[in-house]
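Report on one structure; see the data block that follows.
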Amino acid sequence: MTPRQPGPRARLSAFLSRFPPAVIALAKRCLVRLRRAFPGSWELVYDYSNSLVVSFGMSDRGHEAIVALAVFPSSVRLYFDKSLPDPKGLLEGSGSKVRSVTLEAASDLDHGDIHDLLEAAIERSGITFARTRPIRVVIKSESKKRRPRPQVRASE
């Protein structure tokens, strides 16, 4: 008998556990609010060696995501499509597909300029979210387990 694999939400929690406690707490609070903003959506998880990305959209195709939350060791950022209008100039970066804003608190998603960007992204998508359908969490990629680096001895 093979051992049962943990579910996607448990794996997401395990991926988050490698970050500093303050970043984990912020990311978890942001995920709660994003799940509320995108009921019935697909939550796609991408585990990279130095970051974790969770995107929200209406299919299992990542390029169709409306927003993505990226967790780094020192920050949590919310990514939007580069073509989204940004009248207040909040979005940073010069990526060919996405731009982002750093989240200082999960409440940034509930009010203020970042909330306005989030609402604009949802409206621009043209999607109506079904509150009766649960969010589907899918692990799309998982970083390879890294082997420990060999110990380098200082020369005497």
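Tabulated data
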item	result
Members of region 14-26 found to be in a helix (DSSP H, G or I) and surrounded by 13 or more Cβ atoms within 10 Å (Cβ to Cβ), listed by number	Phe15, Leu16, Val23, Ile24, Ala25, Leu26
Test: residue in region 60-75 that is part of a helix (DSSP H, G or I), more than 19 Å from Asp110 (Cβ to Cβ) and in contact with a strand residue (DSSP E or B) (Cβ under 8 Å, 6 or more places away or on another chain)	yes
Check on Leu34, closer than 19 Å to Phe129 by Cα and not basic (Lys, Arg)	yes
The one condition in (1) in contact (Cβ under 8 Å) with a residue 12 or more places away in the chain; (2) closer than 22 Å to Glu123 by Cα that Ser75 fails to fulfil	(2)
Failed item, numbered, when His115 is tested on (1) in a loop (DSSP other than H, G, I, E, B); (2) more than 24 Å from Pro20 (Cα to Cα); (3) free of Cβ contacts under 8 Å to residues at least 12 places away in the same chain	(1)
Whichever residue in region 123-144 is within 14 Å of Ile66 (Cβ to Cβ), out of contact with any helix residue (DSSP H, G or I) (no Cβ under 7 Å at 6 or more places or on another chain) and not hydroxyl-bearing (Ser, Thr, Tyr) and, among such residues, is surrounded by the fewest Cβ atoms within 10 Å (Cβ to Cβ)	Gly126
Scan of region 60-103 for residues that are small (Gly, Ala, Ser), surrounded by fewer than 16 Cβ atoms within 10 Å (Cβ to Cβ), out of contact with any helix residue (DSSP H, G or I) (no Cβ under 9 Å at 6 or more places or on another chain) and at negative phi, ordered by number	Ser94, Gly95, Ser96
Of all residues making up region 27-59, the number that are buried (at least 18 other Cβ atoms within 10 Å of the Cβ) and polar (S, T, N, Q)	2
One residue from Arg36, Arg29 being free of Cβ contacts under 8 Å to residues at least 24 places away in the same chain, part of a helix (DSSP H, G or I), basic (Lys, Arg) and closer than 27 Å to Glu119 by Cβ	Arg36
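Read-outs: derived from the displayed coordinates by stated rules, not from any lab. Everything numeric here is computed off the predicted structure, so don't read it as measured data. With ideal geometry, Cβ positions are generated from the backbone for all residues, glycine too; neighbour counts draw on all protein chains shown.
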